[in-house]
Structure formats: structure tokens, C-alpha cells
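In what follows, a structure is listed as C-alpha cells, so that the remarks can point back to it.
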């Protein structure tokens with residue numbers, strides 16, 4: 001396996017089962033333990049801003065795992081798709097997936113990720129949010145139905161995955177691409193570097 005540019009200096013835990021987040025971190029050369037949180041995600045509070053909701057979800061998940069691994073640095077994240085003021089979660093079925101994709105088609109939406117880095121023993125708690133604007137091309141109903149038939153939208157917020165088959169749906173991104181994938185990688189690495197949880201790998 002090719003060496004990445006970073007290495008973990010402290011034990012790291014990713015509080016997420018997302019294979020996309022795992023791949024982003026592993027690609028940087030970081031070794032970490034995967035311990036997903038099983039905490040039930042509450043609905044947004046009345047009037048709660050989408051970014052605040054994403055940050056709250058990340059904090060809830062991170063706190064759950066950090067309490068069980070108080071000596072480790074825990075990274076948690078929650079990504080939401082927002083159209084206007086509406087938060088689009090994972091579709092409950094094909095019909096809802098079509099409704100979501102039809103609403104997004106031909107317009108701009110926002111993808112916001114809240115992430116937290118926690119270490120209970122150190123009293124460490126840093127939470128941030130990153131928002132990216134994405135424009136979805138005006139895809140025909142036939143194209144959307146064919147995409148939904150692949151099954152990929154069913155476990156994705158907003159019913160699409162930009163890093164997978166759904167890459168054809170989006171024609172422009174303003175901001176962090178990896179944020180749309182599920183983790184604003186550079187922002188996360190900056191926090192981990194600042195706190196000394198990771199370091200730059202020595203070139204051979």
C-alpha cells in the first residue's frame with residue numbers, strides 16, 4: 001500500500017460507518033479504528049438552522065463514542081443536503097428518491113457537513129461546519145429513474161452520491177468537493193494537525 005502524506009500520532013477513532021469517510025482518511029495514510037455511533041438521530045428543532053443541526057448531530061455521535069473511548073481522539077461527522085430551508089435526508093423509497101432528485105434537478109443546493117474532534121480525557125471538543133454549493137444538471141425523468149434503479153441513492157442524503165454513479169448528476173461545485181462526498185478533508189486535517197493528533201509523514 002502506498003504511503004500517504006500523514007500519519008497518526010495518537011490513537012484515532014472514526015465514529016462513522018461511512019465507507020466514503022473511511023476511504024478519504026485512509027487515503028491520507030492515517031490508521032484509525034472504526035466505531036460507528038448507534039445513537040438515534042433526532043429531528044431538527046423548530047427554526048434550527050441546517051448548519052447548526054449538522055453540527056449538533058456530529059456532536060451527539062462523537063460524544064457517544066468519546067465517552068466509551070475517553071483516551072482516544074474521536075472524529076465524528078454528519079452530512080446533510082439542503083434545498084432552500086429544507087433538509088433532505090435519505091429517501092425512504094424509490095418514489096421519495098425521485099421526488100428529491102426531481103426537486104434538485106436544474107438548480108443549486110447546499111451540502112453541509114458538521115464534524116467534531118473530541119478527546120474526553122483532554123477535555124477536547126472542536127466542532128466545525130463546512131458548506132459547499134452544488135449545481136445539479138437538468139436531468140430527464142428517464143435519467144433519474146435509471147439512476148434510482150441502480151440502488152445507489154437509497155443510503156445517501158439528498159438521494160445521490162457524487163463520488164459514485166451519481167457523479168453525472170452534478171455539473172458544478174463551489175467549495176470543497178470532499179465535503180459533498182461526506183467529509184471536508186482539508187478542514188478536518190487542519191484541526192487534527194493543530195492538536196497534534198496527526199503529523200506529516202517523513203519522506204523516504
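Please treat every number below as a calculation from the coordinates, not as lab data. Bear in mind that the values here come from a model prediction, so they are computed numbers and not experimental data. Note: ideal-geometry Cβ built from the backbone for every residue, glycine included; neighbour counts use all protein chains shown.
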Least to most buried among 112, 150 (fewest other Cβ within 10 Å first): 150, 112
Computed P(r) (all Cα pairs; the range 144-204; 5 Å bins; percent): 4, 15, 20, 15, 13, 10, 10, 7, 4, 1
Among 69, 202, which comes first, then next, by fewest other beta-carbon atoms within 10 Å? 202, 69
Quick check on the exposure proxy: order 21, 95 from fewest to most C-beta atoms within 10 angstrom. 95, 21
Just to be sure I follow: if Rg is taken over the C-alpha atoms of the chain and Rh is the Kirkwood radius over the same atoms, what is Rg/Rh? 0.99
The range 1-62 - convex hull of the alpha-carbon atoms, volume per residue in Å³: 102 Å³
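For the range 49-126, what number results from the quotient of the Cα radius of gyration and 2.2 N^0.38 Å?
Working: Rg = 15.8 Å, N = 78, 2.2 N^0.38 = 11.5 Å.
Taking N as the residue count of the range 49-126, the ratio is 1.37.
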Provide the packing ranking of 41-47, 163-169, i.e. peptides ordered by the mean count of other C-beta atoms within 10 Å per residue, highest first. 163-169, 41-47
Would you report the distance distribution of C-alpha pairs in the range 83-204 as whole percents per 10 angstrom bin, up to the bin with the largest distance? 12, 38, 25, 16, 8, 0
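Scaled to the compact-protein estimate 2.2 N^0.38 Å, what is the alpha-carbon radius of gyration of the range 1-105, rounded to two decimal places? Walk me through the numbers before you get to the answer.
On the way: Rg = 16.4 Å, N = 105, 2.2 N^0.38 = 12.9 Å.
For the range 1-105, the normalised Cα radius of gyration comes out at 1.27.
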